[in-house]
Amino acid sequence: MSEAKLDTSFRLGTRGDDVYAALIAAHDGLSADESARLNARLVLMLANHLGDAAIVIEAIERARAGIGKL
Amino acid sequence: MRYQHQRFPFVRPPDLNGRPTRAPVLIVGAGPVGLALAVDLALRGVKSVLLDDGDTVSVGSRAICWSKRTLEIFDRLGVASRMVAKGVTWRVGRLFHRDKEVYNFDLLPEPGHKHPAFINLQQYYVEEYLIDRARDFPELIDLRFKSKLVDIERANDGVTADVETPEGHYRLEADWLVACDGVRSTVRGLLGLGFVGRTFEERFLITDIKMKADFPSERWFWFEPPFHSGQSALLHKQPDDVYRIDLQLGPEADPEVERRPENVRPRIEAIVGDRPFEIDWISVYTFQCRRLERFVHGRVVFAGDSAHIVSPFGARGGNGGIQDVDNLAWKLAAIAKSEASESLIATYDEERIRGADENILNSARSTSFMTPKSQMERIFREEALAMAATEPFARRLVNSGRLSLPCLLDRLSLQSEDDPGFLGGLAPGSPCLDAPIIDNLGNRAWLLNEILGHFLVLSFGHPVDVPHGVAQLTVVDGPADCADGHTRVQDADGLIAQRYGGIPGAAYLLRPDQHVAARFVKPTAEKIATAIERVLGLEAA
Ligand SMILES: Cc1cc2nc3c(=O)[nH]c(=O)nc-3n(C[C@H](O)[C@H](O)[C@H](O)COP(=O)(O)OP(=O)(O)OC[C@H]3O[C@@H](n4cnc5c(N)ncnc54)[C@H](O)[C@@H]3O)c2cc1C
């Protein structure tokens, strides 16, 4: 059994709203398709930056579970 | 009983009898900002004429949440104890998504502050108490109701105002004019100045109801409330069994229709159930987050809503305006008394534009979160809210208002370079933090009550050399002995040492508005004098 390593505590310090605003601004003016593409790029980039496959996979599972239809 | 609006009669001024006034400072608008400014100036011995076109305090409660920093400023002005006594102190906020609570916060910071994080108090009480306080200075504050500023003429050394009253017009000269005339500022219009920033289309129904209920003194905020078809709702308790209810209506709502009591009642019943209630005030708003490009225009200065306007989520409007006053009054007073060069006024622009921008940014983001514009923005919000119930990080991304905090003035013109010898404490530009003290008579008191409107050197352990005429307060660990003529206070709970990183022998130079101007691990009278000169702009060229 693998140990849970995904940290879901808040880690953005005083910059949480900055990050959220930047995300929303990045989607401004994009079509639904383009927005989905932007999200895909972001996820891949951040996953790579994390550099820990176990954490990335755990995050994928947690996020996926929230969407339902399993 | 409902709040009784006292009417203030028009009093015929000498100007209408051929005896014109020249005011050192003319303040236009007796809202919270203009009133606070008149009191602050009076405490510094500066006379003002305060004009208001109305004859009573705010109709409708409007601002209800007043922050700790505002209460500290009001304490300096001599009105905070009344406000705290009357107000509802609160610290818990609960956030609901649909019918579930997803997050709650407790604002109670650390112990050892005189004032609570927030009180709720209707704006009409705040204005009433400020008017009462202004009446304590009959020689210094000339408060004129039913007196509307209708025109101004500007010169390099002052302003001539045209004032309209029930008994005719008169002209009034002033060295300085401070426009505290609110969001629809006449002065702004006369100068042809506009606001820059964002406006939001969304309409919000804001009402105050009177109701006997045992709801706790907490801020309750709903996204997609089960009882209301709009995007958000807010419920917040005020004194006198009055509750504030905000309901988001969407951009299409017709304000005329929504304002009708017969349409408001069912919306309220959906929230409060079958408890009987009375509607006290109803208003429908759209919000803006905007400001003037500059607040200082020669001898005309803007403060409060005339200078900047925000949506109410975060309670940054009135609180921001009171911080304008805190920043402006001592500067104007120092200039009026020739203790500072006139260039000091430019730093009001610099410092309060930083504050306004912070308030605008935070309020605009909260409003955006409540009013997603695109499908993707809605999806992000929906998922942040959905995750908030189980994933702690998401709670901090949910934005129902970021409550007013004082602005840091670090790295702006007036503050000296920080001394790298300090490891913690308050860097130049920080507002001072309160802490309990014990005075030389053994009484417990509060540090901020000792920092009252002039420059003060706060030293640690033992008194230090200060320039002639500069006040000093020394914080000591043991009993405060002032027999040698030096003022000492005891750090009652060790919190001053903690909050100021007080190294023995070190000293802070505090500005008249309780902000740190400079600090020194090894202070000398010369270093302190240089830091004061930097503020007052009087150093030899
Ligand atoms: C629904 C709502 C909720 C709010 N909630 C909060 C809150 O919880 N906390 C908070 O901090 N802020 C809040 N605010 C904001 C707050 O009400 C304002 O920021 C505050 O009133 C600004 O004060 P002021 O003195 O600058 O202007 P005002 O209060 O608007 O006062 C301006 C005064 O100038 C007078 N005047 C105007 N023109 C002239 C003229 N030509 N001659 C003479 N007099 C004139 C007016 O009659 C008025 O008395 C809220 C606002 C709204 C609308």
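Using Cβ contacts closer than 10 Å as the measure, can you line up B:Met1, B:Met83 from fewest to most?
B:Met1, B:Met83
With a cut-off of 15 Å between beta carbons, the residues surrounding B:Leu409 carry a summed charge of -3, where Lys and Arg count +1 and Asp and Glu -1. What GluC sites (Glu not before Pro) in region B:268-319 are in a loop by DSSP, with at most 12 other Cβ atoms within 10 Å of the Cβ? Sparse-neighbourhood loop GluC sites (Glu not before Pro): B:Glu293. Normalised by residue count, region B:490-541 yields a Cα convex hull volume of 89 Å³ per residue.
Estimated from the Cβ-Cβ distance and a Förster radius of 22 angstrom, the FRET efficiency linking B:Glu110 and B:Thr89 is about 0.85.
Counting only DSSP beta bridges with both residues in the protein assembly as shown, the antiparallel share comes to about 70 percent. When +1 charges are put on Lys and Arg Cβ atoms and -1 charges on Asp and Glu Cβ atoms, the dipole computed for region B:1-51 relative to its Cα centre reaches about 120 debye. When the alpha carbon gyration tensor of chain B is reduced to an equivalent ellipsoid, its three semi-axes come out at 39, 31, 22 angstrom, largest first.
Setting aside same-chain residues fewer than 8 positions from B:Lys47, which lysines have a Cα under 18 Å from its Cα? Straight-line reach from B:Lys47, under 18 Å: B:Lys331, B:Lys337. Taking chain A, which trypsin sites (Lys or Arg not before Pro) meet the DSSP loop condition and have no more than 13 other C-beta atoms within 10 Å? Listed in order of number, the matching sites are A:Lys5, A:Arg11, A:Arg15, A:Lys69. On full extension, the segment bounded by B:Arg12 and B:Leu423 gains 142.0 nm, given 0.36 nm per residue less the C-alpha separation. The length gained by stretching the chain between B:Asp132 and B:Asp357 to full extension, at 0.36 nm per residue less their Cα-Cα distance, is 77.8 nm. Each Lys or Arg adds one and each Asp or Glu subtracts one; over the other residues with Cβ under 15 Å from the Cβ of A:Gly68, this totals 0.
For the pair B:Lys100 and B:Asp240, what calculated FRET efficiency results from E = 1/(1 + (r/R0)^6), where r is the Cβ-Cβ distance and R0 = 30 Å, to the nearest 0.05? Working from the Cβ atoms, E equals 0.45. Seen from B:Val59, the other residues with C-beta closer than 14 Å to its C-beta sum to a net charge of -4, counting Lys and Arg as +1 and Asp and Glu as -1. Along the charge dipole of the protein assembly as shown, Cβ charges K/R +1 and D/E -1, which of B:Gly318, B:Ile152, B:Gly537 sits furthest on the positive end? With unit charges placed on the Cβ atoms, the residue in question is B:Gly318. Each part gets one Cα centre, and for region B:1-26 versus region B:106-157 those centres are 16 Å apart. Scaled against 2.2 N^0.38 Å for its residue count N, the alpha carbon radius of gyration of region B:285-382 is 1.33. Geometric descriptor of the protein assembly as shown, per residue, is 202 Å³ (volume of the convex hull of the Cα atoms).
Computed from the alpha carbon atoms alone, the convex hull of region B:121-175 holds 120 Å³ per residue. Around the Cα centre of region B:1-143, unit charges on the Cβ atoms of Lys, Arg, Asp and Glu (plus for the first two, minus for the last two) sum to a dipole of about 140 debye. Comparing Cα centroids, region B:426-463 and region B:39-58 end up 29 angstrom apart. Most simply put, region B:436-536 has about 60% antiparallel DSSP beta bridges, counting only bridges with both residues inside it.
Beyond 22 Å, the tail of the calculated P(r) for region B:421-537 holds 24 percent of the Cα pairs.
How many partner chain Cβ atoms sit within 10 Å of a residue's Cβ in peptide A:28-40, on average, as a whole number? List each step's numbers first, then the result.
Numbers: counts 4, 1, 3, 2, 4, 0, 1, 6, 1, 0, 1, 3, 0.
Across A:28-40, the average partner-chain Cβ count within 10 Å equals 2.
Estimated from helices alone, the mean residue ellipticity of chain B at 222 nm is -8000 deg cm²/dmol (sum of -39500 (n - 2.57) over DSSP H runs with n ≥ 4, per residue). Projecting the Cα atoms of B:Val398, B:Val178, B:Phe204 onto the dipole axis of the protein assembly as shown, where Lys and Arg carry +1 and Asp and Glu carry -1 at the beta carbon, places B:Phe204 farthest toward the positive end. Percent of Cα pairs in region B:1-125 per distance bin of 5 Å, from zero to the largest separation: 2, 9, 14, 16, 17, 14, 10, 7, 5, 3, 2, 1, 1, 0. Note on B:368-375: average number of Cβ atoms from other chains within 10 Å of each residue's Cβ is 3. Here the spin labels are modelled as points 7 Å beyond Cα on the Cα-Cβ line, and at B:Ala270 and A:Val43 they lie 3.5 nm apart.
Roughly how big is region B:436-536's charge dipole about its Cα centre, with Cβ charges of +1 (Lys, Arg) and -1 (Asp, Glu), in debye to the nearest 20? Kindly include the intermediate steps, with their values, before the conclusion.
On the way: 8 positive and 11 negative charges, 65 e Å.
Rounded to the nearest 20 debye, it is 320 debye.
What the Cβ-Cβ distance of A:Lys69 and B:His5 gives, at R0 = 51 Å and to the nearest 0.05, is a FRET efficiency of 0.30. Going by neighbour counts of Cβ atoms within 10 Å, the residues B:Tyr103, B:Tyr500 line up, fewest first, as B:Tyr103, B:Tyr500.
Which order results if B:Phe277, B:Phe137, B:Phe313 are arranged by neighbouring Cβ count within 10 Å, fewest first?
B:Phe137, B:Phe277, B:Phe313
In straight-distance terms, cross-link reach from B:Lys237 covers every one of the lysines whose alpha-carbon lies under 26 Å from its own, apart from those fewer than eight places away in the same chain; here that gives B:Lys68, B:Lys86, B:Lys100, B:Lys114, B:Lys210, B:Lys212.
Here, each number is a calculation from the coordinates, and none is a lab measurement. Bear in mind that the values here come from a model prediction, so they are computed numbers and not experimental data. Please note: Cβ atoms are built from the backbone with ideal geometry, for glycine as well, and neighbour counts cover all protein chains shown.
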